[in-house]
Every structure is written in C-alpha cells, then in structure tokens.
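A quick write-up on the structure given underneath.
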Amino acid sequence: MAPPPPTAAEQYLAQDRFNRRFIFSTTSHGDLPVTYADVGVSARDAPVVLFIPGMVGSRYFAVDKHAIAEKMGVRMLLVDKFGMGGTPLVPLDQRLSLWCELVPQLLAHLSIQHVTLIAHSAGTIYLLNTLARCPQILYPSKPSVVLLAPWVDPVHSGVTLMQCAQYLPTPTFRVWNNVMRFFALNVSPMLSSSGDILKSSNTTTSTSTSTNENTREERARHHIQEEYGLSIKFQHELEKTAISAVFNGSTAGANADALLCLRKGPGTSWAACDDYAAFVTELVDTLALAQRSGGESGPASPLLVRAYFAESDRMIGRKGQAYFEDCWQKGDGEFLRFESRTIPETDHETLLTCSVIEEIFELARSD
C-alpha cells in the first residue's frame, strides 16, 4: 500500500529553509555536518538574528517564527545544537568552545557580517560565551542581545526542583531525552525549548490556570491567523508535526545540555560565564577598552542587553530573576545598557509569545 500523501504541515516543514546543511571545519574533530534553519527574508541587506534555543536546541523551533520574520523583513538563523537533528554529538567539555568556533564559520559561509543574538533558557550559556568570544559579530551601530527566561544556576535561583535534580545520578540523564519524548508525543503535544516536562503534564492535569492560559494562547493564535495568514487549525497541525520532527531525530544533545545547566560531572564549566557577576564586570571592561581604542575587538556603541522574564517561572523563580537582574544592573552605564521586562500571564516556556517575538524582531530592524 502506498504511503499517504504528506499533509500541508509536513510539506511546510519539508521546505529547504528549515533543513539547511553546512560542513563545519573544527580544530579538534575534523569536518562535522551541521543542520540549521534559515527563515524569514533572504535579502542580503535584511537584519539578521541568531536565535539560540533552550535545552532542546532544535532548528524546528523556527517553524512558528518564519511567517513573523518574513512579514517583518527579518532573517533568522536557528542551528541544531550538537547532538540535535543532523548535528553530531561532541564531548560535553567541548560543547561551548566548538559552538564559539561554529558561529563565525557559519556566518562567513552565509556572507553575514553582523547579527542580533537571542537566547532562551539554557541558550543563555551559549549566547554569553558567543558574546565573550565573538563580539565582532554584533551590529556596531547598535549591538544588541536578548535573553528570554535566562537560565540561572540553582545555587542562585534556590528553586527546589532544580536543586533536587542536581542530586540525581549522572547516568539518569542518559535517558532524559527519552523522558521528554514520551511527554511531548504522548502526554501533551507541546513544542518546548526548555525541556520543561512538568509544563507539558500540567496542561492535562491542572485546571487552576487553564482558563487564563487558553485565553492567552487563543489570542496569540488568532493574532497569527489575522496578521500572518496561518489558520488556527494549521498552527495546531504544524506544532504537532514539528514535535514529531524534533523527537524523530537525534535529541542526545538535550541530555548534554541538562548536565551543563546543572553543572553535573566533569567538563560542565560554563567557561566565560561560569560566574555571571564576574562575566558582566569583565564584559564591561572589554567594551570600555574596545570603544576607547576604536578597534574592532568589540562593539563601538553601548551594548544593549534586554532580558525578558515570565510572570511565573518554575525553572528559575523570583530569586533567580532578582539575582540575574542584579548582576547586569551593576554593569549598566556608559558602555552597557540593561533592560528587564516581566511579561504577564506567562511561564518559562510560554514567554516566547508572538508579541515578544515581534518586539525582538522590531529591535533587530532598528540595528
């Protein structure tokens, strides 16, 4: 019997823009294939954003952002992290250093000089290392980075659930991706970048906030339908198809990112941002030196760092938000501008609302 014809959502996801491939020449592992999405507009003069997702670092998180980016005239890149999709796994202690090698190579391959950096959750660790190692990739006229529900070490966030996770045996995390796969495909189909399985399970077991969440999600879906031409039915189909695509590919990288976030085992240093407070101090010193010297080692204008936080965040909590804001506010001044916003009726995952994405793309257009 012949297989059924592909659905509209499957055809949408099969577009080349969601399935690009690049050969990355590493200094320690030879040539590695890297899969990525290149969505939005393709004009050479279009503003470019590089989006680094959370623990489940899949290129398919670009599917719900393509139509928005296209209409707003923005180009967005989203790369499969190591061990995700068609990008092979690398040793845990080399994830960050190899990522910082990869970014400038990929941009050069695409003839892209500058980007606005965006990260969600665990992607924060990658973004800050990119900022430290590759500051020249930011737009010199208005260098900007955006952090969505930035990850905070449980030592500073005090979130009991995350602190308990640090005591789990390291081998437990070898199957973490399978646990996420089960919840994503069987309990509650939800495209979750951060790997928050409790969010998925609560969508079916809790009714205390369901009315507010449904209203918010319905408003967002209606907005996308009206502004970007994707019907509500198609949005649901596309999300389910994207979830299947993520978990039918390699997801071992999510296990590695879980260990990295929890600092479990050897090789889990966060490198340049091992200490957020020290990182901000060193970054400001670097920015000051670059601006005063007029060289190309960093942005020539004040760096804008904008952080978005959820109203309710079980992954970093209020204490984690306060810690993160305090670290960056101490660096706010002549060479760095820090902005912080808390989005009502959102959590760690739903913070990536259409309106927030639109704000970020608008920021990128102003660079």
Within straight-line cross-link reach of K330, aspartates and glutamates at Cα separation under 18 Å, skipping those fewer than 8 residues along the same chain: D274, D275, E282, D285, E339
Packing rank of 336-346, 273-283, where each peptide gets the mean count of other beta carbons within 10 Å, highest leading: 273-283, 336-346
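What is the gain in length, in nm to one decimal, between A132 and E311 on full extension, counting 0.36 nm per residue of separation less the C-alpha to C-alpha distance? Provide the component values of the computation, followed by the final result.
Numbers: separation 179, 0.36 × 179 = 64.44 nm, distance 2.92 nm.
Contour length minus the Cα-Cα distance gives 61.5 nm.
Highest mean first, what order results for 141-149, 357-365 on Cβ atoms within 10 Å?
Details: 141-149: 23.0, 357-365: 19.2.
Ranked from most to least packed, the peptides come out as 141-149, 357-365.
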Proximal lysines to K65, defined as alpha-carbon separation beneath 30 angstrom and excluding residues fewer than eight positions away on the same chain: K81, K142, K199, K233, K240
Built amide H within the under 5 Å cut-off of M84, gap 5+: G253
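Neighbouring Cβ atoms within 10 Å as the yardstick, rank M72, M55, M1 fewest first. If you can, show how the numbers build up before the last one.
On the way: M72 21, M55 29, M1 3.
Ascending Cβ contact count within 10 Å gives the list M1, M72, M55.
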Amide H contacts under 5 Å for R337, placed H, 5+ residues apart: L303, L304, V305
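Count the DSSP beta bridges whose two residues both fall in the chain, then state the antiparallel fraction as a percent rounded to the nearest 5.
On the way: 13 of 39 bridges.
That works out to approximately 35 percent antiparallel.
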Over the chain: helical MRE at 222 nm, DSSP H runs n ≥ 4 each giving -39500 (n - 2.57), nearest 500: -13000 deg cm²/dmol
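For a quick protection proxy, order the peptides 128-134, 160-166 by their average other-Cβ count within 10 Å, most packed first. List each step's numbers first, then the result.
On the way: 128-134: 21.6, 160-166: 14.0.
The most tightly packed comes first, giving 128-134, 160-166.
With helices defined as uninterrupted DSSP H runs, which ones in the chain have an alpha carbon span along their own long axis of at least 27 Å and mean Kyte-Doolittle hydropathy of at least 0.5? Let's see the in-between values first.
Working: long enough: none.
None clear 27 Å together with a mean of 0.5.
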For the stretch 334-351, Karplus couplings with θ = phi - 60° (6.51, -1.76, 1.60), whole Hz, Gly/Pro x: 5, 10, 9, 10, 10, 10, 9, 9, 10, 9, x, 6, 10, 10, 4, 8, 6, 4
Approximate spin-label separation Q166-T342, in nm, with each point projected 7 Å along Cα-to-Cβ: 2.4 nm
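Using 0.36 nm per residue, how much length does the chain from H109 to R292 gain when fully extended, once their Cα-Cα distance is taken away?
Numbers: separation 183, 0.36 × 183 = 65.88 nm, distance 3.10 nm.
So the extension gain works out to 62.8 nm.
For V187 and A2 in the same chain, what is the full-extension length gain: residue separation times 0.36 nm, less their Cα-Cα distance, in nm? Provide the component values of the computation, followed by the final result.
Working: separation 185, 0.36 × 185 = 66.60 nm, distance 3.00 nm.
So the chain would gain 63.6 nm between V187 and A2.
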Cβ-based exposure ranking for R292, R59, in which fewest neighbours within 10 Å come first: R292, R59
Sorted by Cβ neighbour density within 10 Å, fewest at the top, the residues K65, K71: K71, K65
Sorted largest first, extent of the chain alpha carbons per principal axis (Å): 67, 47, 43
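Only the coordinates and a few stated rules stand behind these numbers; no lab work does. In this text the structure is predicted, and so the values were computed from the model without any measurement. Heads up, the Cβs are rebuilt from the backbone with ideal geometry, glycines too, and the neighbour counts pull from every protein chain shown.
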